[in-house]
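Worksheet for the structure shown next.
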Amino acid sequence: TDELGADGTGADGTGVDVPGAVAARLAEPDAAVGASVARKTAAERGDAHTPGVRRAAASADIRAARNVASAAPDLGTPATFVLLRHGETPLTPQKRFSGSGGSDPSLSDVGRYQAERVAAALAARGTIQEVVSSPLARCRETAQIVAARLGLGVTLDDGLRETDFGAWEGLTFGEVRERYPDDMNAWLASPDAEPTGGGESFGAVAQRVAATRDRLTEAHRGRTVLLVSHVTPIKTLVRLALGAPPESLFRIELSAASLTALAYYADGNATLRLLNDTSHLR
């Protein structure tokens, strides 16, 4: 199945990744028990690695998976958010802080090329139904290039804007560490620490992004929507979906013009379907 689609099945086509199936799995369907017993018996006989036993065990596993899927509640088609980080700006290759409190740079020539490539890839998939973008120039321009290829309009949402990095805007990580070492150390240690000069903490960003997520999932239930945003909001959506700690933000790679996909189900659970895909740029 298509990891960017809105059909609600798993990435392997089985449908087993529906969150409600977790509870059903704990009931251990008869087929799963049978497969386990068959493997145990085979192992005791010493023939667990023979082709016939492997085929029998595989068949039992498939039957067990189907039982789990059929026992799972029908949660309907999820709201699928395809998350696109904007294309490069002149600041991107220099790895400078570029948030919502700085100069609001537009795309570079490379960034526009990247936007055209992702537009072609999404048009080929044909699953995007709406486009929502951060209001900052680099996202608006990326979104407009993609939306024009898809024949869609663009809706702006301030909840998708990047973090305000305060006095760090336009500086590299090394320059910030040199000029504001104490503030940088505090920021790295706590999601509640703000960048120098009254910037936005990761904790504040998480609250903003979570509220935006809830509003958009309610408005787009059962649809596949392209959200064009920035590094921190996209990483935050992934972190929240996985229940990962705040420090995981520093351990996620997110390239310019990359695609990530999250599916949100009616029971409040979410699944990560794709992360930092840049295959369309190669």
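The values are calculated or read from the model by the stated rules, or taken from the named source; none is laboratory data. Keep in mind it's a predicted model, so treat the numbers as computed, not measured. So basically every Cβ, Gly included, is an ideal-geometry build from the backbone, and we count neighbours across all protein chains shown.
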Pick out the one residue from Gly126, Gly153, Gly159 that is surrounded by fewer than 22 Cβ atoms within 10 Å (Cβ to Cβ) and at positive phi.
Gly126
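Could you tell me whether the stretch 95-104 includes any residue that is touching a residue at least 12 places away in the same chain (Cβ under 8 Å), surrounded by fewer than 19 Cβ atoms within 10 Å (Cβ to Cβ), assigned to a loop (DSSP other than H, G, I, E, B) and at negative phi?
yes
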Report every pair of residues separated by at least 6 positions or lying on different chains whose Cβ atoms are under 7 Å apart, first residue within the stretch 146-175 and under 14 Å from Glu200 (Cα atoms), second among the acidic types (Asp, Glu) and surrounded by 14 or more Cβ atoms within 10 Å (Cβ to Cβ).
Thr163/Glu200; Asp164/Glu200; Gly166/Glu194
Could you please give the count of residues in the stretch 200-225 that are of a type in the set (S, T, N, Q) and either within 18 Å of Ser190 (Cβ to Cβ) or touching a His at 6+ places or on another chain (Cβ under 8 Å) (or both)?
2
Among the residues of the stretch 202-225, are any assigned to a strand (DSSP E or B) and in the same structural domain as Ala256 (by TED's automatic domain parsing)?
yes
Take Leu152 and decide whether it is within 20 Å of Pro93 (Cβ to Cβ) and of a type in the set (A, V, I, L, M, F, W, C).
no
Identify the single condition in (1) over 28 Å from Gln114 (Cα atoms); (2) without any contact (Cβ under 8 Å) to a residue 24 or more places away in the chain; (3) loosely packed, with under 15 Cβ neighbours inside 10 Å; (4) over 17 Å from the mean Cα position of the chain (by Cα) that Ala193 does not satisfy, given that it satisfies every other one.
(3)
What number of residues within the stretch 146-179 satisfy the criterion of being among the charged types (D, E, K, R) and part of a loop (DSSP other than H, G, I, E, B)?
5
Residue list for the stretch 118-140, filter: part of a helix (DSSP H, G or I) and over 12 Å from Arg85 (Cα atoms)
Ala119, Ala120, Ala121, Leu122, Ala123, Ala124, Arg125, Ala137
Of a type in the set (A, V, I, L, M, F, W, C), over 18 Å from the mean Cα position of the chain (by Cα), assigned by TED's automatic domain parsing to the domain that holds Leu84 and in a helix (DSSP H, G or I): does that describe Ala143?
no
Counting only residues that are touching a residue at least 24 places away in the same chain (Cβ under 8 Å) and exposed (fewer than 15 other Cβ atoms within 10 Å of the Cβ), the stretch 248-275 contains a total of 2
